[in-house]
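Heads up, the thing below is written out as structure tokens.
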Amino acid sequence: MIPSLSLAAAMDYPQTRKTEVVEELHGTQVADPYRWLEDDNSDETKAWVIAQNRVTEDFLTTIPQREEIRKRLADLWNFERTGSPKDFGGRWFFTHNTGLQNQSVLKVSETLDGEARVLLDPNQLSADGTVALAGFEPSEDGKLLGYSISRGGSDWNEILVRDVATGKDTGDHLKWVKFSGIAWTKDGSGFYYSRYDEPAAGAALTQKNEFQKLFFHKIGTPQTEDKLIYERKDQPRWAFGGGLTEDGKFLIIHVADGTDPNNRIFYKDLSKPDSVVVELLNGADANYDFIDNDGDTFLFRTDLNAPRHRVIAIDVKKPSKEAWKEVIPQAKDLLQGITSVGGKLFCEYLRDAKSAVSMYGFDGTKVRDVELPGIGNAGGFQGRKGDKETFYSFTSFTDPGAIFRYNLGTGESKLWNRPKVGFDGSAYETKQVFVPSKDGTKIPVFITHKKGIKLDGSHRTLLYGYGGFNISLSPGFSVGRAVWLERGGILAVANLRGGGEYGSEWHLAGTRLRKQNVFDDFIAAGEWLVKEKYTVSSRLGIQGGSNGGLLVGACMTQRPDLFGAALPAVGVMDMLRFHKFTIGWGWESDYGSAENPEEFKALLRYSPYHVLKPGTRYPATLVTTADHDDRVVPAHSFKFAARLQECQAKDGPPVLIRIDTSAGHGAGTALSKMIDRTAEEWSFLEANLK
């Protein structure tokens, strides 16, 4: 039988020790009774994790539909899927999954439509599928493959090199790599990458990540001989990403300060031996996204004096701002991204969170709009200057999408690959509404459900959001969401301030002292769904991960009456100490810092861990995190769950935590784990949204 609220209220949560940890911050006494849970290596914390998982599992096993949901997820996920192909030296590289493989396999073919062979199978790297292919980049001639792997979901990567012809590794092995690409030289002799110093023993998953360095690795040499290209001993927070121009002449160095969108661009002229690094754009006055070069002229997408972005050209021989030229002016829609292929620029616009793509020449002359298959999300359009065609993908909430070949000359799209999925998307509809927030700002919300439903408040509804770091939420297919829809659920996705849907002004409206706008937007979306009788509060669930986990934590504590259930995943729950672990300091551009007196007050007002009140009836909650999450360390979720269990009203629904093992922040998670996790979440919602 489905667990009743009385059964949930009688649950015996693990006893969590409280301590008398109190700090004075800017004249305010702040209690932190569960700080000991920050030590994930202690025996006491490990025992607590085991006890919490046992209680959670005991509850979930009483939900009869859990196995039914898990089986449907596995059945629906069992379809063949192929990634967009990329050409290197006449060889075509693409990812492929037969259906239920934990990790997709990298394949290579000598011709686009020829027989492909397996080049790298990450499923062979571990028995449980927890070693993931984090990234790959073939050399320009297609003879060598640089690839990075992640173990157990950690952000730490190792880079290895494989001979494409033989399928064997060369012996090159680079460690302590994080937040890095692989940028090959034109002759394939080596590549540029970024790394940190080796952390202290036992602290790899918690120690602050500072002083990243940019290196060059020559193939066939040990990592100890890698050449240091750039570092800044005076800037511990700066991170460096290296990329080469297609002509191989310039090394473009992207310099970031945490997640602040205002970045710097440096470059190094590789045609001149021992050339120095030139600080081309060092003001951090805007966001600059390098697109391509035409000789000594660099093209950038930027929001300088253009919150929705435009394209500018800078001649590096005449770099003063007075000499800059505007190539493509700002439009009414957000210019979300630009790719360069075949001597053309593909401008990917976001029109009320939906894709629109236009093709331009390097001189800014518009060639045509790309006719997309419908309303959804398009991506791809990559290649080289000499290419005559490119590939792009297209998907929506109810359509798993397809990959298309696009002819640059004629503008014709031809289907290249469409997966066969056992889900009838035609039985559902998606609409977009604009919901007024607390201050009157209109918030776009996508709503997807079965056609012909009655708006009588009877439907279980899942409201999803993110609202941060300039990240946009666009329509996209998810097997998990498809099963939710099949079982009669409604899906609502809200485009909140703090995201990037309408450009830098929209993003900034949800940051620092304005972060409460994000929570107001999400709450307004929930209230609107109830008001319009899509659902009622007791049947309204909310979900979000990472910054979205913070969103869920903040909203369920501010309006516990509005929601029936909450799924905060890998959330930032302690807003006063997030900057003390791994890369957390990099989020201060969005959140602010507890070191600042004014920002401290704002953070304390919504920090989920700190605002919980004893005796409050909070929604049924399933907190999820993972033991290898070294981005948002699991201590956030540990402390929040412990405090939530302490504060939950005696007659309140269950508040549980699931701690996954050999998993991290989300990227590279084994498919089997994804299926199990989704089955747990959907069954938890069905048991509690009544």
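The values are calculated or read from the model by the stated rules, or taken from the named source; none is laboratory data. Note that the coordinates shown come from a computational prediction; the quantities given were computed from them, not determined experimentally. Ideal geometry is used to build each Cβ from the backbone, glycine not excepted, and the neighbour counts take in all protein chains shown. Just the protein is used for accessible areas: all its heavy atoms, side chains included, with ligands, DNA and RNA removed. Shrake-Rupley method; radii C 1.70, N 1.55, O 1.52, S 1.80 Å.
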Subset of segment 117-141 that is small (Gly, Ala, Ser) and open to solvent by less than 30 Å² (accessible area, probe 1.4 Å) - its residue that is modelled with the highest pLDDT: Ser139
Members of segment 237-258 that are surrounded by fewer than 19 Cβ atoms within 10 Å (Cβ to Cβ) and in contact with a helix residue (DSSP H, G or I) (Cβ under 9 Å, 6 or more places away or on another chain): Arg237, Asp257, Gly258
Options Val311, Val278: the member that is open to solvent by less than 50 Å² (accessible area, probe 1.4 Å) and in contact (Cβ under 8 Å) with a residue 24 or more places away in the chain: Val311
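Can you pull out every residue in segment 155-183 that is assigned to a loop (DSSP other than H, G, I, E, B) and open to solvent by 10 Å² or more (accessible area, probe 1.4 Å)?
Passing the criteria: Asp155, Trp156, Ala165, Thr166, Gly167, Phe179, Ser180, Gly181, Ile182.
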Counted residues, segment 87-101 - those being in contact with a helix residue (DSSP H, G or I) (Cβ under 9 Å, 6 or more places away or on another chain) and open to solvent by less than 40 Å² (accessible area, probe 1.4 Å): 2
Lys46 vs. criteria under 30 Å from Thr16 (Cα atoms) and outside any strand (DSSP E or B): yes
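What about Ala566, is it at negative phi, touching a Ser or Thr at 6+ places or on another chain (Cβ under 9 Å) and not in a strand (DSSP E or B)? Explain how you work it out, then say what you get.
Details: at negative phi: yes; touching a Ser or Thr at 6+ places or on another chain (Cβ under 9 Å): yes; not in a strand (DSSP E or B): no.
No.
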Segment 640-651 residues that are farther than 12 Å from Gln15 by Cα, paired with ones that are among the charged types (D, E, K, R) and open to solvent by 40 Å² or more (accessible area, probe 1.4 Å) (beta carbon under 8 Å, 6 or more apart): Cys647/Lys613; Gln648/Arg617; Ala649/Arg617; Asp651/Arg617
Among (1) surrounded by fewer than 20 Cβ atoms within 10 Å (Cβ to Cβ); (2) under 24 Å from the mean Cα position of the chain (by Cα); (3) part of a loop (DSSP other than H, G, I, E, B), the one test that Phe469 misses: (1)
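Residue by residue, here is whether (1) within 23 Å of Ala524 (Cα to Cα); (2) of a type in the set (A, V, I, L, M, F, W, C); (3) surrounded by fewer than 24 Cβ atoms within 10 Å (Cβ to Cβ) holds:
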residue: Leu567; (1), (2), (3): yes, yes, no
residue: Gly592; (1), (2), (3): no, no, yes
residue: Leu604; (1), (2), (3): yes, yes, yes
residue: Ala649; (1), (2), (3): no, yes, yes
Index of the failed condition, Tyr349 passing every other in (1) open to solvent by less than 40 Å² (accessible area, probe 1.4 Å); (2) closer than 18 Å to Asn470 by Cα; (3) touching a residue at least 24 places away in the same chain (Cβ under 8 Å): (3)
Every residue from segment 503-543 that is under 21 Å from the mean Cα position of the chain (by Cα), at pLDDT 95 or above and part of a loop (DSSP other than H, G, I, E, B): Ala509, Gly510, Thr511, Lys515
Residues of segment 609-654 satisfying the condition of being part of a loop (DSSP other than H, G, I, E, B), more than 26 Å from the chain's Cα centre (by Cα) and either at pLDDT below 95 or within 14 Å of Thr45 (Cα to Cα) (or both): Lys650, Asp651
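Does Ser189 satisfy the condition of being over 26 Å from Arg577 (Cα atoms) and under 26 Å from the mean Cα position of the chain (by Cα)?
Details: over 26 Å from Arg577 (Cα atoms): yes; under 26 Å from the mean Cα position of the chain (by Cα): no.
Taking the combined requirement at face value, the residue does not satisfy it.
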Residues of segment 385-417 classified as assigned to a loop (DSSP other than H, G, I, E, B), surrounded by 14 or more Cβ atoms within 10 Å (Cβ to Cβ), of a type outside the set (Ser, Thr, Tyr) and touching a strand residue (DSSP E or B) at 6+ places or on another chain (Cβ under 7 Å), total: 4
Ile453 being assigned to a loop (DSSP other than H, G, I, E, B), modelled with pLDDT of 95 or more and out of contact with any Gly (no Cβ under 7 Å at 6 or more places or on another chain): yes
Tally of residues being under 30 Å from Arg81 (Cα atoms) and either open to solvent by 40 Å² or more (accessible area, probe 1.4 Å) or modelled with pLDDT under 95 (or both) across segment 428-438: 4
Residues of segment 191-236 classified as of a type outside the set (A, V, I, L, M, F, W, C) and part of a loop (DSSP other than H, G, I, E, B), total: 21
Some residue of segment 489-496 being at pLDDT 95 or above, open to solvent by 10 Å² or more (accessible area, probe 1.4 Å) and within 25 Å of Gly337 (Cα to Cα): no
Qualifying residues in segment 199-217 (those that are under 16 Å from Pro236 (Cβ atoms) and at pLDDT 95 or above) - the one surrounded by the most Cβ atoms within 10 Å (Cβ to Cβ): Leu214
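Can you tell me which residue in segment 259-275 is least open to solvent (accessible area, probe 1.4 Å), limited to those that are farther than 22 Å from Asp303 by Cα and part of a loop (DSSP other than H, G, I, E, B)?
First, the residues of segment 259-275 that are farther than 22 Å from Asp303 by Cα: 268-275.
Filter once more, keeping what is part of a loop (DSSP other than H, G, I, E, B): 270-275.
Working: Leu270: 55, Ser271: 73, Lys272: 124, Pro273: 117, Asp274: 138, Ser275: 22 Å².
Checked segment 259-275; the qualifying residue least open to solvent (accessible area, probe 1.4 Å) is Ser275.
Is it the case that Lys218 is under 29 Å from Asp247 (Cβ atoms), touching a helix residue (DSSP H, G or I) at 6+ places or on another chain (Cβ under 8 Å) and not β-branched (Val, Ile, Thr)? Show your work before the answer.
Details: under 29 Å from Asp247 (Cβ atoms): yes; touching a helix residue (DSSP H, G or I) at 6+ places or on another chain (Cβ under 8 Å): yes; not β-branched (Val, Ile, Thr): yes.
Answer is yes for this residue.
Could you list, in sequence order, all residues of segment 541-555 that are over 15 Å from Glu681 (Cβ atoms) and open to solvent by less than 10 Å² (accessible area, probe 1.4 Å)? Step through it out loud before you land on a result.
Just the residues of segment 541-555 that are over 15 Å from Glu681 (Cβ atoms), to begin with: 546-547, 550-551, 553-555.
Asn547, Leu550, Leu551, Gly553, Ala554, Cys555 - these are the residues of segment 541-555 that are over 15 Å from Glu681 (Cβ atoms) and open to solvent by less than 10 Å² (accessible area, probe 1.4 Å).
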Scope segment 108-139; condition in contact with a strand residue (DSSP E or B) (Cβ under 8 Å, 6 or more places away or on another chain), part of a loop (DSSP other than H, G, I, E, B), more than 12 Å from Val164 (Cβ to Cβ) and in contact (Cβ under 8 Å) with a residue 40 or more places away in the chain; matching residues: Thr130
Subset of segment 352-361 that is over 17 Å from Thr390 (Cα atoms) and not small (Gly, Ala, Ser) - its residue that is surrounded by the fewest Cβ atoms within 10 Å (Cβ to Cβ): Asp352
Only one of Leu603, Leu612, Leu576 that is in contact with a Gly (Cβ under 9 Å, 6 or more places away or on another chain) and among the hydrophobic types (A, V, I, L, M, F, W, C): Leu603
Breaking point among (1) open to solvent by less than 20 Å² (accessible area, probe 1.4 Å); (2) among the aliphatic types (A, V, I, L, M); (3) out of contact with any His (no Cβ under 9 Å at 6 or more places or on another chain); (4) at pLDDT 95 or above, for Leu144: (1)
Enumeration of residues in segment 366-384 that are open to solvent by 50 Å² or more (accessible area, probe 1.4 Å), among the β-branched types (Val, Ile, Thr) and over 25 Å from the mean Cα position of the chain (by Cα): Val367
